[in-house]
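Peer 1: Provided herewith is a single structure, encoded as C-alpha cells, for subsequent inquiry.
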Amino acid sequence: MRFLLLSLIVLGGCGLIGPRRDTEPHVPTCDDVAALADVIVLGRMRGQSRFEQRQLVERGSPLISIHEGQIESVYDWPRPTNSADWLRLREMAVGAAHENCINRPVLTLQGLRLR
C-alpha cells in the first residue's frame, strides 16, 4: 500500500516538472501581417531572392496565402535604387498589408472570398 501511495505521489509530480505546453495556438493579428510585409521588404533590400522567400513559406508559414501574396507583391515592384525608394516600398507594403487585413472581414461578410 505504501509503495502504491509513494508511486502516485512521484508520478503526480512528473506532470508538474515536464515541459510546459501552450494550449492556445497563436492567432495572427493584423500587426503580424503588417510586420511580415516589412520583413519581406527588408529581406529583399538585403539581397534575399524571391526563391529564398518562398522557402520560408514552405517551412511552415502560418499565413501561407497571405505570405505568398506579399512576396509576389514586393518582388514585382521595381527594385529601388536609393534609401528613399526603399522606405517608400516598405511604407507601401506595410500599409497595403494592414489595410487588406482590416478590410478582409468586411469583404468576407459581403460574400467575397480573398485568396
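The values are calculated or read from the model by the stated rules, or taken from the named source; none is laboratory data. In this text the structure is predicted, and so the values were computed from the model without any measurement. Neighbour counts are summed over all protein chains in view; Cβ atoms, including those assigned to glycine, are modelled from backbone coordinates with ideal geometry. Surface areas here come from the heavy atoms of the whole protein model, side chains and all, with no ligands, DNA or RNA. Shrake-Rupley method; radii C 1.70, N 1.55, O 1.52, S 1.80 Å.
Peer 1: Starting from residues that are in contact (Cβ under 8 Å) with a residue 24 or more places away in the chain and surrounded by 16 or more Cβ atoms within 10 Å (Cβ to Cβ), keep the ones in region 48-72 and report whichever is farthest from ASN100 (Cα to Cα). Outline the logic, then answer.
Peer 2: Here is the first cut: in region 48-72, the residues in contact (Cβ under 8 Å) with a residue 24 or more places away in the chain are 50, 62-63, 65-67, 69-71.
From what is left, the residues that are surrounded by 16 or more Cβ atoms within 10 Å (Cβ to Cβ) are 66-67, 69-71.
Details: ILE66: 10, HIS67: 13, GLY69: 11, GLN70: 11, ILE71: 15 Å.
My answer is ILE71.
Peer 1: Considering region 75-95 alone, what residues qualify as being open to solvent by less than 60 Å² (accessible area, probe 1.4 Å) and assigned to a helix (DSSP H, G or I)? Talk me through it step by step, then tell me what you get.
Peer 2: Filtering region 75-95 for residues open to solvent by less than 60 Å² (accessible area, probe 1.4 Å) gives 75, 80, 85-86, 89, 93-95.
Across region 75-95, the qualifying residues are TYR75, ASP85, TRP86, LEU89, ALA93, VAL94, GLY95.
Peer 1: Residue check: is ARG113 modelled with pLDDT of 95 or more and over 16 Å from CYS30 (Cβ atoms)? Give the steps one after another, and end with the answer.
Peer 2: On the way: modelled with pLDDT of 95 or more: no; over 16 Å from CYS30 (Cβ atoms): yes.
No; evaluated as a whole, the condition is false for this residue.
Peer 1: Would you call CYS101 modelled with pLDDT under 85, of a type in the set (A, V, I, L, M, F, W, C) and under 19 Å from the mean Cα position of the chain (by Cα)?
Peer 2: Values: modelled with pLDDT under 85: yes; of a type in the set (A, V, I, L, M, F, W, C): yes; under 19 Å from the mean Cα position of the chain (by Cα): yes.
For CYS101, the condition - modelled with pLDDT under 85, of a type in the set (A, V, I, L, M, F, W, C) and under 19 Å from the mean Cα position of the chain (by Cα) - is met.
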